[in-house]
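The values are calculated or read from the model by the stated rules, or taken from the named source; none is laboratory data. Bear in mind that the values here come from a model prediction, so they are computed numbers and not experimental data. Note that each Cβ is placed from the backbone with ideal geometry, even for glycine, and that neighbours are counted across all protein chains shown. Side chains included, ligands, DNA and RNA excluded: accessible areas come from the protein's heavy atoms. Shrake-Rupley method; radii C 1.70, N 1.55, O 1.52, S 1.80 Å.
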Amino acid sequence: AFDLTVNASGPATATFGSTVGNSAPLASLTIDSANTLNGTVYLTGNVSTSGVQLYNDPVVLAANTTLTSTGGGGNITLAKTVNADVSINNRTLTINTTGGGVTTLSGAVGGTAPLSSITTDASGTLTIGGGSVAAGTIAFNDALTIATTGLTLTGTTITVSGVTGATFNLTLSG
């Protein structure tokens, strides 16, 4: 398996026009390794790695998307916002970190274009530091750690496996 790092100079767009790592998962995927480019990542298919996935730019879902890390401790980090490409498209996002990996959502999810659903698997943990998640269905099957002073989950159906971060506020809105 190979590592893939995608960098570009200045504000740039990285578009993955199909599934990445489907028949042979990448070892890792890093977008904007220096976290300085302020571009956008468009995902139009699933991404599979045996290790870390790190998205340091905003992510726009242009199709229903599953992010999977199959390696033990393979973390998936979405360091900026995550939105559907257009609010009427209602994209789904599934994040699987098998073997105890950590899913980290550091920016707002669905803030400008809510998702139809967001789901995490139950074999890792989930840390949210972005303040808000908006989706029709929210299914956080991983244990949730709140890493922001106030987290709002907005959806018609909200499932949370467990919550830590006792000094922070969690608001459920539906």
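Residue pairs, Cβ under 8 Å, 6 or more apart or interchain, first in the stretch 158-174 and over 20 Å from residue 116 (Cβ atoms) and free of Cβ contacts under 8 Å to residues at least 60 places away in the same chain, second assigned to a loop (DSSP other than H, G, I, E, B) and open to solvent by 70 Å² or more (accessible area, probe 1.4 Å). List them. Within 8 Å, the pairs are 161/122; 168/149; 169/149. So, of the residues in the stretch 128-146 that are part of a loop (DSSP other than H, G, I, E, B) and not charged (D, E, K, R), which turns out to be most open to solvent (accessible area, probe 1.4 Å)? Per the criteria, the residue is 141.
Yes/no per residue for (1) among the small types (Gly, Ala, Ser); (2) under 20 Å from residue 79 (Cβ atoms); (3) not in a strand (DSSP E or B):
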{"site": "96", "(1), (2), (3)": "no, yes, no"}
{"site": "100", "(1), (2), (3)": "yes, no, yes"}
{"site": "122", "(1), (2), (3)": "yes, no, yes"}
{"site": "126", "(1), (2), (3)": "no, yes, no"}
{"site": "148", "(1), (2), (3)": "no, yes, yes"}
{"site": "151", "(1), (2), (3)": "no, yes, no"}
{"site": "172", "(1), (2), (3)": "no, no, no"}
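For the stretch 102-110, indicate whether the set of residues that are surrounded by fewer than 19 Cβ atoms within 10 Å (Cβ to Cβ), in contact with a Ser or Thr (Cβ under 7 Å, 6 or more places away or on another chain) and part of a strand (DSSP E or B) is non-empty. For the stretch 102-110, residues surrounded by fewer than 19 Cβ atoms within 10 Å (Cβ to Cβ), in contact with a Ser or Thr (Cβ under 7 Å, 6 or more places away or on another chain) and part of a strand (DSSP E or B): present. Among the residues of the stretch 1-34, the one identified as in contact (Cβ under 8 Å) with a residue 40 or more places away in the chain, assigned to a loop (DSSP other than H, G, I, E, B) and open to solvent by less than 70 Å² (accessible area, probe 1.4 Å) is 25.
Residue count for the stretch 63-80, restricted to those that are open to solvent by less than 50 Å² (accessible area, probe 1.4 Å) and of a type in the set (S, T, N, Q): 5. The residues of the stretch 35-50 that are in a loop (DSSP other than H, G, I, E, B), within 23 Å of residue 94 (Cβ to Cβ) and open to solvent by 20 Å² or more (accessible area, probe 1.4 Å), listed by number, are 44, 46, 50.
Residues in the stretch 111-120 that are more than 20 Å from residue 54 (Cβ to Cβ), at pLDDT 95 or above and either within 11 Å of the chain's Cα centre (by Cα) or not in a strand (DSSP E or B) (or both): 119 only.
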